[in-house]
Each structure stands twice: as C-alpha cells, then as structure tokens.
1. Just checking, which of E38, E42, E96, E92 is touching a residue at least 24 places away in the same chain (Cβ under 8 Å) and surrounded by fewer than 24 Cβ atoms within 10 Å (Cβ to Cβ)?
2. Residues G274, G294: which one is of a type outside the set (D, E, K, R), over 25 Å from G128 (Cα atoms) and either in contact with a Lys or Arg (Cβ under 9 Å, 6 or more places away or on another chain) or at pLDDT below 90 (or both)?
3. Output the residue which, of all residues in segment 220-254 that are of a type in the set (S, T, N, Q) and not in a loop (DSSP other than H, G, I, E, B), is surrounded by the most Cβ atoms within 10 Å (Cβ to Cβ).
4. Quick one: which residue in V309, V276 is over 11 Å from F243 (Cβ atoms), within 19 Å of the chain's Cα centre (by Cα), among the aliphatic types (A, V, I, L, M) and in the same structural domain as E341 (by TED's automatic domain parsing)?
5. Output the number of residues of segment 51-83 satisfying the condition of being part of a strand (DSSP E or B) and under 30 Å from I17 (Cα atoms).
6. Considering only residues that are outside any helix (DSSP H, G or I) and in contact (Cβ under 8 Å) with a residue 40 or more places away in the chain, look in segment 260-300 and name the one that is surrounded by the fewest Cβ atoms within 10 Å (Cβ to Cβ).
7. Filter segment 176-225 down to residues that are among the aliphatic types (A, V, I, L, M) and in contact with a Gly (Cβ under 6 Å, 6 or more places away or on another chain) and give me whichever is nearest to F78 (Cα to Cα).
Amino acid sequence: MKFLEEVPLAPYTTFKIGGPAQWFAEAASEADLLEALEFIEERRLPLFVLGGGSNLLVSDAGFAGLVLRIGLKGIQHFLDGDRAAFRVAAGEIWDEFVSRTVAEICAGIECLAGIPGTVGGTPVQNVGAYGQEVSQTIQGVRVLDLQSSKFVEMAGPECGFAYRQSLFNSTSRGRYIVTRVDYSLTPGGAPTLSYTDLRRHFQGAQQTPSLLQIAAAVREIRRQKGMFLVDGDPDCASAGSFFKNPVVDWASLSAIEAALPAGTRVPQYPAGEGKVKLAAAWLVEQAGFAKGYGNGRAGISSRHTLALVNRGGAKAADVLALSGEIAARVAAKFGVRLEPEPVFLE
C-alpha cells in the first residue's frame with residue numbers, strides 16, 4: 001500500500017468540497033486494511049473510512065489523520081434455496097450492482113437504482129428510497145472490528161437497522177469497517193411499486209412493469225429531481241438529500257397541524273408503533289425556502305428542496321451556514337428538529 005500525504009479530498013466527494021487528508025491510502029484487500037490499521041496505531045492517528053464520497057461533507061481544514069478509501073472488488077452470485085444470494089465486496093459501485101441484479105431478474109433492490117456511492121456504505125446508512133430499504137435484503141455483513149483487529153461476520157438482525165440508521169453509524173460508530181455485504185434477493189420476483197412517484201410514472205400501463213423498467217424509471221425520476229449524478233449538471237454537486245425525514249410521535253404531529261390553517265395536512269408516512277415520518281421537503285418549503293434559494297456559493301437545488309448544492313467554489317462553511325439557517329427556521333415554525341443526513345468530516 002502507498003500512504004500519500006496532504007491529498008485534497010474534494011475530488012473524492014460528490015459535493016466537491018473539503019480540505020486535504022494528512023494521510024491517504026486505498027485498500028484493495030482485507031490484508032491492506034490490516035496494514036492500514038498498523039499504520040495508524042504506530043502513529044496514533046485517527047482513521048476515516050471513505051467509500052464513494054456521496055454522503056459526505058469534508059471540512060475546509062481537511063482531516064488530520066488517515067483517510068482510507070475502500071477499493072475491495074468482487075461479486076459472487078449463487079442460489080440459496082429459493083433465494084438469489086449475492087456476496088458483494090464493499091468497493092463495488094452500488095448502481096452497477098443494482099443493474100446486474102435487475103438484469104438477472106432478481107427483485108429486492110430495483111427501487112434503489114441511481115443511488116451514488118459504493119456497496120459498503122449501504123448497510124451503514126441503511127440506504128432506502130422509493131419504497132425499499134437495503135435492510136430488507138441484507139443477509140449479513142462482513143466487517144473488520146477495529147477493537148480486536150479481527151474480521152467478523154454479522155447477520156442482518158445484528159446490524160441494528162432503523163430508518164437511515166444502523167449500529168455502524170450510531171452505537172458502534174467508528175468501530176467497524178465493512179468489507180463485504182451479503183444480499184438475499186427474489187429470483188423472478190415482482191417489482192416493488194408502492195411509492196407515489198413510481199405509481200404515477202406507470203399510470204395507465206397495460207401490464208406490470210419489469211424490474212428493468214422500474215430501475216430505469218427510478219433513475220429518470222431521480223434525474224428530474226437532480227438526485228441522479230450527472231457530470232456537469234449544476235444541481236449534482238451535492239450529497240443528495242441533506243436532511244432526513246423527521247420521525248415524530250402522533251402528539252407532536254397533532255400539535256404541528258393544530259398550528260396550521262384549518263384542513264392543512266402535513267405529508268406523512270407510517271414509521272412504526274406510535275410514530276410517523278414527516279416529509280422534510282414539505283417542512284422546508286413551508287418554512288419559506290424555495291428551490292433555487294441560496295446564500296451565494298451554496299444553495300438549494302433548482303429541482304429538489306432537500307438537496308443543498310455547491311454552485312461553484314463553495315466551502316463547507318457555506319453549506320453549514322445554509323443548512324443551519326434552514327434547520328433553525330423549520331424548528332421555529334414547527335418545533336421539529338431536522339437532522340443532517342451526510343457525514344461531516346473534520
């Protein structure tokens with residue numbers, strides 16, 4: 001492995017923002033991970049694990065430690081009873097993997113097409129969109145436990161999955177490095193067609209769309225919203241949705257709606273017993289922020305209220321100032337705290 005010094009991190013992120021890493025290396029194997037672990041232990045350095053850089057905002061000062069980019073590759077596909085099993089190395093490009101599964105007519109992640117980043121990041125964030133979450137298909141995850149320097153196999157239920165959450169980004173943040181994810185999909189299964197935007201897209205269709213058609217439709221919908229990354233598109237220098245959809249209890253929802261004009265209903269989705277998930281984009285818009293709003297070099301996408309974008313030359317400080325302004329106004333109007341979705345590295 002090569003350990004490089006003072007490597008700019010902005011080119012490794014979809015935001016195109018951020019200062020340098022004190023040290024930078026790319027791991028192509030599990031042996032490389034162990035070598036990197038020895039490197040940081042000898043020098044007493046902090047470690048940050050980098051995947052596709054699509055859910056990341058790097059501080060302007062950069063990172064005083066080792067940034068380790070995960071480059072492990074390889075996909076194994078075999079039948080496991082009546083299920084299609086895929087063992088996928090963490091460095092594989094997520095959307096390319098989705099394309100392979102739908103081409104092989106295996107259902108379960110077709111609605112997650114077009115999401116940027118790598119496979120290793122999907123269990124960390126419990127990536128979800130358009131009616132599906134990866135936790136519904138993850139059979140297990142192979143990780144390096146940084147406390148023991150041992151590789152461990154974890155079953156899906158052990159990962160502590162919740163909305164945009166797992167133990168990897170909550171209770172055990174920083175303890176594990178994902179090296180492989182095992183998915184269990186349905187051969188010949190029917191596509192998921194539960195999300196409103198998708199149903200609208202296929203309204204009037206004479207027959208149920210195929211998995212390939214669902215994936216293509218999701219990419220097109222994401223493109224229309226500026227959420228399908230295209231080089232040169234000014235709305236694509238972002239980390240996608242910057243805020244999570246907040247989850248509140250029914251009493252909080254009642255209080256919010258009581259303060260709104262009569263008959264106004266907050267867009268909402270069931271979120272488990274006694275809980276409801278609110279549409280963050282609606283809250284942001286109702287707080288007075290429109291598409292295209294900006295404070296200079298950072299702004300809101302012209303196509304989606306939840307996407308903050310680098311309009312050119314933006315610093316992390318610009319994005320944080322804008323996100324803070326939005327969150328403060330939503331809290332003042334609705335009493336709801338918006339949580340950022342991207343990781344902030346400093």
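The values are calculated or read from the model by the stated rules, or taken from the named source; none is laboratory data. Nothing here was measured: the structure is a model prediction, and the numbers come from that model. FYI the Cβ positions are ideal-geometry reconstructions off the backbone, even for glycines, and counts take in every protein chain you see.
1. Residue meeting the stated conditions: E92.
2. Values: G274 fails: over 25 Å from G128 (Cα atoms).
Result: G294 is the single residue among G274, G294 that is of a type outside the set (D, E, K, R), over 25 Å from G128 (Cα atoms) and either in contact with a Lys or Arg (Cβ under 9 Å, 6 or more places away or on another chain) or at pLDDT below 90 (or both).
3. So, considering only residues that are of a type in the set (S, T, N, Q) and not in a loop (DSSP other than H, G, I, E, B), the one surrounded by the most Cβ atoms within 10 Å (Cβ to Cβ) is S238.
4. The match here is V309.
5. Residues of segment 51-83 part of a strand (DSSP E or B): 56-58, 63-70, 75-80, 83.
Subset that is under 30 Å from I17 (Cα atoms): 56-58, 63-70.
So the answer is 11.
6. Ranking the qualifying residues of segment 260-300, first place goes to G288.
7. Filtering segment 176-225 for residues that are among the aliphatic types (A, V, I, L, M) and in contact with a Gly (Cβ under 6 Å, 6 or more places away or on another chain), the one nearest to F78 (Cα to Cα) comes out as L185.
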